Structures are given as structure tokens and as C-alpha cells.
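Worksheet for the structure shown next.
The values are calculated or read from the model by the stated rules, or taken from the named source; none is laboratory data. As the structure is a prediction and not an experimental result, all values here were calculated from the model. Virtual Cβ from ideal backbone geometry, glycine too; neighbours counted across all protein chains shown. The area values use the complete protein model at the heavy-atom level, side chains included, leaving out ligands, DNA and RNA. Shrake-Rupley method; radii C 1.70, N 1.55, O 1.52, S 1.80 Å.
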Amino acid sequence: GHPNSHSKGGRIMAEGSKRVVVIGGGTGGYVAALRAAQLGASVILVEKNALGGTCLNRGCIPTKVLLHTAELASAAREGEPLGLFVKEARVDWSVLMRHKEEVVARLVEGVGFLLGANGVEVVQGNAVFRSPGEVAVTQEDGTVRPLSADAFIVATGSVPALPPVPGFDLPGILTSDGVLGLEMLPKSILLVGGGVIGIEFASIFSALGVEVTVVEMLPEILPNLDVELVGYLRQILEARGIRFLTSATVKSVRALGSGYATAVTAGVEEEIVTEKVFVCTGRRPFTQGLGLEEIGVRTDRGRIAVDERMRTSVPGIHAIGDCASPIMLAHVASAEGEVAAEAIMGLRAAMDYRVVPSAVYTAPEFAGVGRTEEELTRSGQSFTVGRFPMNSNAKALIAGMPDGMVKVISDRETGEILGMHVLGPRATDLIAEGALAMRSELTVDEIVATIHAHPTLGEAVREASLDVLDRALHLPPKG
Ligand code: FAD
């Protein structure tokens with residue numbers, strides 16, 4: 001019968017069903033637990049903190065709550081050309097924080113509900129390996145509960161990584177954990193790091209009226225994304241008043257009055273005074289105190305080493321998500337969770353990282369999937385690029401959001417889609433079409449042959465595909 005049938009009805013487990021223990025209840029861990037339960041395993045999930053992990057409590061979700069309100073505020077302020085006159089678009093930070101807490105609480109509760117409904121037992125506590133077949137869980141009341149299992153899935157996530165810069169340990173210096181708990185909006189903020197997290201916060205804070213400076217060590221923000229669109233986005237953000245210092249290094253930070261003075265070298269040295277300093281220089285896998293070395297699990301520069309089925313060097317122990325993954329994203333963590341659960345339950349599953357969409361929630365949004373022009377040029381592959389500007393798309397104009405472009409890259413010989421990059425309204429939703437097309441190895445002709453509804457932003461994807469073939473209908477002829 002269906003592999004689900006014997007786990008239906010919650011806790012009723014098949015005689016002799018596999019015992020799986022998942023360590024960590026973030027996006028990776030809870031999805032792995034659900035999938036293993038669907039496949040008939042007897043599953044226990046251990047979480048020392050809140051279900052949902054970084055993504056729900058301190059990451060993807062709370063940041064997007066802030067961003068949504070920031071966008072509404074900008075829309076209200078910039079609505080006059082669209083005929084919208086709002087007397088005062090004022091963001092009340094404490095009300096916004098309450099809304100954020102409510103959304104998070106609701107989603108965390110939802111995860112708990114789903115786990116229960118699938119018969120997964122949740123054990124609150126900190127798990128440490130005692131042997132390859134057993135963990136000891138220290139529960140809140142101090143009691144230790146040993147848990148043995150046929151298979152373990154380690155999903156302990158990541159934590160902010162702070163470089164050893166003098167002053168980063170001063171009280172009040174923010175990481176992404178603290179910034180979401182701010183009681184008041186600061187007047188000014190300096191962000192150290194121009195990666196995805198930094199740029200999203202820069203966009204949010206700026207829309208909320210905060211004076212924002214971003215310091216990035218590399219020559220450009222958002223490394224590894226499409227260079228043309230990154231430059232376009234930076235210009236838009238600069239025009240909104242965000243200051244970017246690239247090829248710039250933070251030397252030190254010192255407390256100054258009720259804020260901080262940060263010494264930055266970008267050719268010349270400069271001291272930048274702001275009310276807050278937020279270090280977002282990346283994250284590192286979290287495996288501290290888990291006892292992995294003691295049982296022989298191999299790590300590679302702090303990351304748990306795994307194969308394409310998420311197996312570690314120790315049989316029976318799998319690892320997924322930020323603590324093991326080459327890509328630290330929520331949707332990658334959950335995909336790996338499903339693969340690990342399926343591998344444990346005897347299905348043929350393996351990770352394939354070729355088609356992983358990435359999303360940057362700025363205003364406008366930015367998203368990409370597959371290869372960039374830069375990567376293809378480096379690898380010597382011949383390709384064709386089609387572009388379609390958002391200012392020629394009806395839906396974008398209706399929304400008063402003409403900034404951005406869709407870029408489709410295809411193999412010059414076969415027409416197969418090699419990458420799609422989008423800057424503009426709802427880019428993070430539009431990218432799903434590119435991911436599906438690439439996953440299905442479609443060619444540009446197949447996107448072109450697909451009728452897209454009118455008026456939609458998706459039409460820009462079709463037009464960019466037409467442009468690959470020099471057939472764009474809503475662009476003047478080239479040359
Ligand atoms: P986590 O979510 O970190 O969960 C790990 C869990 O394990 C935690 O709950 C922890 O308490 C628990 N744990 C650890 N050790 C133990 C132990 N010994 N015993 C018991 N429990 C333990 N990704 C996106 O895809 N899109 C986004 O928009 C996005 N935005 C982000 C914004 C911010 C500000 C941040 C910080 C991250 C963002 N991410 C985003 C990344 C995303 O949050 C992570 O990739 C994702 O949470 C990884 O999931 P995970 O399950 O591997 O780990």
C-alpha cells in the first residue's frame with residue numbers, strides 16, 4: 001500500500017518501525033521529521049529552543065514581516081503619482097513588533113500542530129551524542145533522557161559569525177538575532193556586510209526612515225548574484241539614500257556618546273558615527289557541544305561533511321541544513337531534510353544543487369536561479385541573453401514599480417535555459433517559473449509557447465525569453 005498508510009492515525013506505529021531521532025526543529029529538522037513520519041518511521045524531534053528555528057523565529061519570517069510594513073509605508077508615501085494621498089504614513093515600531101510576534105507565534109504553533117498530527121514526539125531539551133546510536137537529552141528541569149535510534153538526523157543550524165574586529169564585542173553591537181528585538185528604531189545604523197541579510201535590512205531600515213550606511217569588504221555587494229542586476233539594485237538603493245562603502249574594511253568600533261564610532265578604511269580612513277552598528281558578516285554552522293568529534297563524525301571547516309544523501313562519515317547519522325549544507329537557505333534545508341528522511345527509509349533520494357533559487361527581499365525584489373553570465377563566461381560555455389525591462393511591463397507600470405528587468409540566459413546551441421535573474425516587483429515569486437523550467441530542462445521556445453496571463457508580471461519572463469530569440473514583441477527591433 002501507500003507508504004503513509006501505517007503511520008495514519010498519529011501515534012499508531014507499525015510493529016518494529018524504524019526509530020528516527022531528529023536533532024533541531026528548524027526548517028530542516030521539522031520537515032525531515034514530517035517526511036520520516038509520513039514514510040512510517042517512529043520519530044522523535046529534539047529542540048532546545050523554539051520550534052521553527054532560525055527561519056521562523058529570527059530569520060526569514062520576522063524579517064519579511066518588517067519588510068512588508070516598510071513597503072506599505074513607502075507605497076503610501078510615494079502614492080501621490082498614483083493618485084493616493086495619505087495624510088501621515090507613520091510606522092509604529094512597537095505595534096509592528098507585536099504583529100511580528102503574532103505571525104511568528106502562529107507559524108511556530110502550526111509546526112507543533114503538524115508534528116503532533118503526524119505522530120512525531122517533540123522532546124524539549126539539548127541533545128548530545130553519547131555513542132553513534134544514542135543521544136542524551138538534557139531537559140528543562142535538568143533531567144537527562146537517553147534516546148536511542150536506528151538513525152539520527154542532525155539539523156542544528158547556524159549562528160551569526162563575528163570576525164575578530166576590536167569593538168564587535170561591545171555591549172549593544174547587533175547581530176541579526178538582536179536587531180529583531182530592538183525596542184526602538186534607531187536614527188542611524190551602520191551595517192557591516194553587504195550580503196543578503198545586510199542588504200535586506202538596509203532596504204527595510206531605509207524605508208522606515210533610518211539613515212543607513214553599508215560597509216562591504218568586496219568590490220560589490222551581493223557576491224555571486226548577477227552582476228548587472230546587482231549594480232542596478234545598488235543604484236536604486238543609493239538613490240533612496242543608502243550609502244555604500246565597498247572595497248572597505250572595518251578596522252574597529254568604539255562607543256561614542258549614546259552610539260558608536262566605526263573606523264572604516266576604503267582607500268582612506270574614515271570614522272563613521274551612528275546610533276547602532278549591526279554586524280552581518282555571515283553565519284557559521286552550529287555543532288558546538290554536540291559530541292560529534294567524540295563519535296567520529298567528520299567535519300570540513302566547521303561544517304558536517306555529508307554525501308548527496310546527507311549521510312555523514314558515521315553510518316546511521318545524517319546531517320542537513322545550515323550545519324552541513326553548501327547553501328545556507330531555508331528551502332535548501334527542507335529539501336535536504338526530505339532527502340535524508342527518504343534515504344533513511346530506503347527510498348532513492350539524492351540532493352541536486354543545480355537548480356536552487358535565491359531570493360533577496362529588497363524593494364524592489366531580486367531573485368536568481370541557475371547560472372549567471374559571469375559563471376558561464378568563466379566556464380567557456382556559449383550562451384545567449386534575453387532581457388526585458390519592467391518599465392515595458394503593464395503590471396509593473398500599474399503598480400508604479402518600473403525599476404528592474406528580467407534576464408533569461410539560454411544555451412546558444414540547444415536553447416536550454418541555463419539561468420534566470422529578475423530584479424523588480426515580485427521577483428521572488430517570478431523566479432519559480434525559471435526554477436521549474438530549469439528543473440524540467442526546458443528551452444526558451446517552451447516558455448515562449450506557453451501563454452502567460454495578461455496583465456501579469458510573468459509576461460516579462462516570456463518577453464525576455466522572446467528576446468533571447470530576437471523576437472520580443474514589446475521592445476523596439478534591435479539595431
Ligand atoms: P535552524 O533554523 O538554525 O534550526 C536549528 C535548530 O536546532 C534551532 O532551533 C536550535 O535551537 C536547534 N538546536 C541546535 N543544537 C541543538 C541541540 N544540541 N539539541 C537540540 N536542539 C538544538 N533563508 C531563506 O531561504 N530565505 C530567507 O528569506 C532567509 N532570511 C533570513 C534572514 C535572516 C536574518 C537570517 C539569520 C537567516 C535567513 N535565512 C533565510 C536562512 C535560514 O533562516 C536558514 O537557512 C534556515 O533557518 C536553516 O534551517 P536549519 O533547520 O538548518 O537550522
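Okay, here's what the table says:
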{"quantity": "Entirely in region 172-282, the helices (runs of 4 or more DSSP H) that have 2 or more residues that are within 27 Å of Arg378 (Cβ to Cβ)", "calculated": "196-207, 227-239"}
{"quantity": "Residue match in region 250-270 (condition: at pLDDT 95 or above, crowded, with 20+ Cβ neighbours inside 10 Å and under 30 Å from Val422 (Cβ atoms))", "calculated": "no"}
{"quantity": "Counted residues, region 335-346 - those being at positive phi and touching a strand residue (DSSP E or B) at 6+ places or on another chain (Cβ under 8 Å)", "calculated": "0"}
{"quantity": "Residues located in region 118-146, provided they are away from the ligand (no atom under 11 Å from the Cβ), over 27 Å from the mean Cα position of the chain (by Cα) and hydrophobic (A, V, I, L, M, F, W, C)", "calculated": "Val144"}
{"quantity": "Subset of region 29-52 (residues that are in contact with a strand residue (DSSP E or B) (Cβ under 8 Å, 6 or more places away or on another chain), open to solvent by 10 Å² or more (accessible area, probe 1.4 Å) and under 15 Å from Asp322 (Cα atoms))", "calculated": "Tyr30"}
{"quantity": "Residues being without any contact (Cβ under 8 Å) to a residue 60 or more places away in the chain, more than 26 Å from Arg19 (Cα to Cα) and surrounded by 14 or more Cβ atoms within 10 Å (Cβ to Cβ) - total across region 273-325", "calculated": "0"}
{"quantity": "Residue match in region 88-96 (condition: in contact with a helix residue (DSSP H, G or I) (Cβ under 8 Å, 6 or more places away or on another chain), within 14 Å of the ligand (Cβ to nearest atom) and not aromatic (Phe, Trp, Tyr))", "calculated": "no"}
{"quantity": "Residues satisfying the stated conditions in region 295-309, i.e. under 17 Å from Ser158 (Cα atoms) and aliphatic (A, V, I, L, M)", "calculated": "Ile304, Ala305, Val306"}
{"quantity": "Single residue of region 174-186 satisfying the filter (open to solvent by less than 50 Å² (accessible area, probe 1.4 Å) and more than 16 Å from the ligand (Cβ to nearest atom)) that is nearest to Gly259 (Cα to Cα)", "calculated": "Pro186"}
{"quantity": "Total residues in region 298-357, condition touching a Cys at 6+ places or on another chain (Cβ under 7 Å) and away from the ligand (no atom under 16 Å from the Cβ)", "calculated": "0"}
{"quantity": "Those residues of region 430-458 which are without any contact (Cβ under 8 Å) to a residue 24 or more places away in the chain, open to solvent by 20 Å² or more (accessible area, probe 1.4 Å) and either out of contact with any Lys or Arg (no Cβ under 8 Å at 6 or more places or on another chain) or farther than 16 Å from Leu469 by Cβ (or both), in sequence order", "calculated": "Leu436, Ser440, Glu446, Ala449, Ile451, Ala453"}
{"quantity": "Matching entry among Val135, Val95 (being β-branched (Val, Ile, Thr) and open to solvent by less than 60 Å² (accessible area, probe 1.4 Å))", "calculated": "Val135"}
{"quantity": "Counted residues, region 200-246 - those being open to solvent by 50 Å² or more (accessible area, probe 1.4 Å), of a type in the set (S, T, N, Q) and within 22 Å of the chain's Cα centre (by Cα)", "calculated": "1"}
{"quantity": "Filter result for Ala349 (in contact with an Asp or Glu (Cβ under 6 Å, 6 or more places away or on another chain) and either on the phi < 0 side of the Ramachandran plot or among the aromatic types (Phe, Trp, Tyr) (or both))", "calculated": "yes"}
{"quantity": "All positions within region 433-456 that are part of a loop (DSSP other than H, G, I, E, B), among the hydrophobic types (A, V, I, L, M, F, W, C) and more than 28 Å from the chain's Cα centre (by Cα)", "calculated": "Ala449, Ile451, Ala453"}
{"quantity": "Region 360-374, residues that are open to solvent by 30 Å² or more (accessible area, probe 1.4 Å) and within 11 Å of the ligand (Cβ to nearest atom)", "calculated": "Tyr361"}
{"quantity": "Selected residue (criterion: farthest from His318 (Cα to Cα)) from residues of region 62-80 that are within 23 Å of the chain's Cα centre (by Cα), surrounded by fewer than 24 Cβ atoms within 10 Å (Cβ to Cβ) and more than 8 Å from the ligand (Cβ to nearest atom)", "calculated": "Leu72"}
